[in-house]
Amino acid sequence: MPMGGSALDLVGVPLPDETLSAAKQSDAVLLGAIGGYKWDNNLKHLKPETGLLQLREGLKVFANLRPATVLPQLVDSSTLKKEVAEGVDLMVVRELTGGIYFGKPRGFGTNENGDEIGFNTEVYAAYEVDRIARIAFETARKRSGKLCSVDKANVLEASMFWRKRVIEIASEYPDVELSHMYVDNAAMQLVRNPKQFDTIVTNNIFGDILSDEASMITGSIGMLPSASLGESGPGLFEPIHGSAPDIAGQDKANPLATILSAAMLLKYGLGEENAAKRIENAVLHTLNKGFRTGDIYSAGNKLVGCKEIGEEVLKSVETPVPAAV
């Protein structure tokens with residue numbers, strides 16, 4: 001179904017009613033990257049990104065799960081020292097439909113001095129914090145039982161409220177170890193010692209920033225999938241990267257994040273864990289064979305394009321081979 005830039009070109013809006021309707025009626029939604037230079041100067045309601053926010057809101061997906069795992073095959077692709085990057089395996093749980101991206105009032109105006117202003121509102125209701133906290137505690141429980149809640153409670157009232165609610169929800173999960181960290185420190189610690197983190201829960205804007213930072217520990221934003229889940233209805237599965245218009249049509253893009261998003265769709269959206277594992281193993285097997293797109297290339301491997309690495313993954317899916325990690 002058309003969405004984002006393609007929908008703008010076809011019908012003049014970033015999220016056609018037909019696309020949202022089809023998404024709501026589906027079992028799960030796999031989303032390609034959106035955006036591009038062509039639409040950068042459009043009015044806000046005609047930007048591809050507006051369609052994405054509308055889709056998230058329409059599907060009521062409030063929890064964004066973004067794993068950042070340094071695969072042994074790609075440890076040399078990380079910009080961090082090997083001893084810092086090796087073994088990193090963390091999950092960012094980002095609140096997706098509240099906070100400053102959706103808060104009101106928002107807009108443009110004039111202040112008491114006659115100066116033009118732009119303003120947004122960071123606001124969270126108790127139910128919004130509670131439900132994302134529960135998803136995060138459940139996620140941490142399935143991993144190593146450690147949850148770090150990231151906020152700015154030394155300055156922002158919305159963060160003070162966030163921390164208070166997360167602490168209250170923690171009483172339901174006595175088996176999960178809860179810690180708190182200010183966002184500026186968390187940004188620093190992700191680079192200094194990322195292995196200290198297992199599961200991170202945070203608000204919309206901090207999660208947007210920190211999950212992109214975490215992605216670069218793995219070597220490339222082109223490797224990372226994400227899942228956006230609600231209380232019911234279909235989940236939304238997409239790579240965390242954008243559409244990379246600077247390399248569009250050149251057979252250079254890394255398709256592995258999208259392929260791994262399909263694996264997350266099978267696992268979290270459809271409950272097909274074995275099928276998800278086959279795709280994940282196929283990606284690992286392809287990397288074990290030395291195939292690399294430009295963003296994850298290092299000496300001694302085989303540089304290939306988007307199409308060829310996709311075909312190699314497909315071969316490995318069709319002939320399942322146990323992945324050597």
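The values are calculated or read from the model by the stated rules, or taken from the named source; none is laboratory data. No experiment lies behind these values; they were computed from the predicted model shown. Every residue, glycine among them, receives a Cβ derived from its backbone with ideal geometry; neighbour counts consider all protein chains shown. Surface accessibility is based on the protein's heavy atoms, side chains included, excluding ligands, DNA and RNA. Shrake-Rupley method; radii C 1.70, N 1.55, O 1.52, S 1.80 Å.
Residues that are modelled with pLDDT of 95 or more, part of a helix (DSSP H, G or I) and open to solvent by 50 Å² or more (accessible area, probe 1.4 Å): does segment 214-221 have at least one?
No, that holds for no residue.
I need a count of the residues in segment 142-168 that are in contact with a Leu (Cβ under 9 Å, 6 or more places away or on another chain), surrounded by fewer than 20 Cβ atoms within 10 Å (Cβ to Cβ) and part of a helix (DSSP H, G or I).
Final tally of qualifying residues: 1.
Picking from Gly114, Gly118, which residue would you name as being assigned to a strand (DSSP E or B), farther than 16 Å from Glu231 by Cα and either acidic (Asp, Glu) or free of Cβ contacts under 8 Å to residues at least 40 places away in the same chain (or both)?
Matching residue, one of Gly114, Gly118: Gly118.
Yes/no per residue for (1) of a type outside the set (S, T, N, Q); (2) more than 27 Å from Thr79 (Cα to Cα):
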site	(1), (2)
Ser215	no, no
Ser232	no, yes
Ile240	yes, no
Ala244	yes, no
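Write out, first by first residue and then by second, each pair whose Cβ atoms fall under 9 Å of each other, whose residues are 6+ apart or on separate chains, and whose first residue, in segment 5-30, is assigned to a strand (DSSP E or B) while the second is among the acidic types (Asp, Glu).
What qualifies is Val29/Glu238; Leu30/Glu238.
For the structure I just gave you, tell me whether Val129 is open to solvent by less than 60 Å² (accessible area, probe 1.4 Å), more than 21 Å from Gly230 (Cα to Cα) and not in a loop (DSSP other than H, G, I, E, B).
Spelling it out, it is not the case that Val129 is open to solvent by less than 60 Å² (accessible area, probe 1.4 Å), more than 21 Å from Gly230 (Cα to Cα) and not in a loop (DSSP other than H, G, I, E, B).
Residue-by-condition table, conditions (1) at pLDDT below 95; (2) of a type in the set (Gly, Ala, Ser); (3) under 15 Å from Thr69 (Cα atoms):
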residue: Ser226; (1), (2), (3): yes, yes, yes
residue: Phe237; (1), (2), (3): no, no, no
residue: Arg292; (1), (2), (3): no, no, no
residue: Tyr297; (1), (2), (3): yes, no, no
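Of the conditions (1) out of contact with any Leu (no Cβ under 6 Å at 6 or more places or on another chain); (2) at pLDDT below 95; (3) open to solvent by 10 Å² or more (accessible area, probe 1.4 Å); (4) in a helix (DSSP H, G or I), Ile100 fails just one. Which one is it?
If we test Ile100 against (1) out of contact with any Leu (no Cβ under 6 Å at 6 or more places or on another chain); (2) at pLDDT below 95; (3) open to solvent by 10 Å² or more (accessible area, probe 1.4 Å); (4) in a helix (DSSP H, G or I), just (2) comes out false.
For the structure I just gave you, tell me whether Gly242 is under 14 Å from the mean Cα position of the chain (by Cα), part of a loop (DSSP other than H, G, I, E, B) and in contact (Cβ under 8 Å) with a residue 12 or more places away in the chain.
When the stated conditions are applied, Gly242 passes them.
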